[in-house]
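Quick notes on the structure that follows.
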Amino acid sequence: MNSRSLLLSPNPNSLKSRFTKGLLRALSIINKHRQQPRSSREIRRRHRLIKAAAYGSMASSVGNRRAWSRALLWKIRNQTRKGYAPTRNIGSSTRQLSMKKRICDLQKGNNSKDRVEVGGLGQVDKLRRLVPGGQVMDTCSLLEETAHYMKCLATQVKVMTRIVEVYNIP
Amino acid sequence: MSSRRSRQSSGSPSIKDDQIIELVSKLRQLVPEIRDRRSDKVSASKVLQETCSYIRNLHREVDDLSERLSQLLATIDADSAEAAIIRSLIMQ
């Protein structure tokens with residue numbers, strides 16, 4: 001039977017299953033609220049909603065266990081509460097920047113070999129900006145969170161690709 | 001206070017170095033670019049660089065997939081029955 005080829009996850013409690021369930025639920029909610037005229041603005045709005053649903057259900061599946069998922073959930077909750085107004089983020093980001101500078105100074109002061117080891121703080125800074133919540137982590141935690149974040153992103157892409165394939169069947 | 005800090009820094013750097021080396025090698029295993037290249041002499045800076053570009057690629061893919069999903073949702077008359085079908089297919 002064809003469904004066997006679509007088998008992805010035998011464990012109903014795995015991250016993949018939880019994420020899939022959450023995303024599908026969000027998609028059906030988004031679909032129910034769609035308006036009839038298929039304007040491009042409507043599609044763009046749906047695109048934003050679906051992207052938020054993807055990241056949101058991914059973060060919910062991970063829960064509070066990881067710093068990056070906590071940061072992502074916090075950001076999404078703030079966005080929905082204030083309607084995309086970034087005022088709170090501006091205030092906290094300056095605090096985060098000063099904290100980051102302190103962390104960098106500490107790391108620089110601790111051991112110059114450490115700095116060379118991670119190839120200069122330029123790369124680490126770029127990584128900090130990519131991983132949610134990365135601004136306030138020390139380098140070790142950042143690398144750990146990055147590894148987990150990358151795995152979850154790959155799962156997200158796999159599941160969404162599968163969903164698109166299934167929906168593509170006319 | 002400063003003496004305490006210097007005492008800390010003399011005690012911890014070896015632990016932190018090893019930790020960071022270990023984490024960087026863990027990252028190296030996860031990033032497909034580096035994992036498939038099969039070279040042992042990849043610097044930490046290169047690993048971080050590839051990690052950043054890999055994460056950016058994944059973000060872009062999620063964006064593209066969301067775009068396609070939004071267009072597909074516009075064309076199909078999906079209801080929760082179809083979602084249940086997909087769920088059973090994927091979850092089995």
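The values are calculated or read from the model by the stated rules, or taken from the named source; none is laboratory data. Small disclaimer: the values here were computed from a predicted structure and weren't measured. With ideal geometry, Cβ positions are generated from the backbone for all residues, glycine too; neighbour counts draw on all protein chains shown. Side chains included, ligands, DNA and RNA excluded: accessible areas come from the protein's heavy atoms. Shrake-Rupley method; radii C 1.70, N 1.55, O 1.52, S 1.80 Å.
Data overview
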| read-out | value |
| --- | --- |
| All helices (runs of 4 or more DSSP H) inside region A:59-170 with 1 or more residues being charged (D, E, K, R), modelled with pLDDT under 85 and closer than 22 Å to A:LEU15 by Cα | A:67-82, A:139-168 |
| Tally of residues being facing chain B (nearest Cβ under 7 Å), closer than 13 Å to B:LYS26 by Cα and open to solvent by less than 10 Å² (accessible area, probe 1.4 Å) across region A:141-170 | 4 |
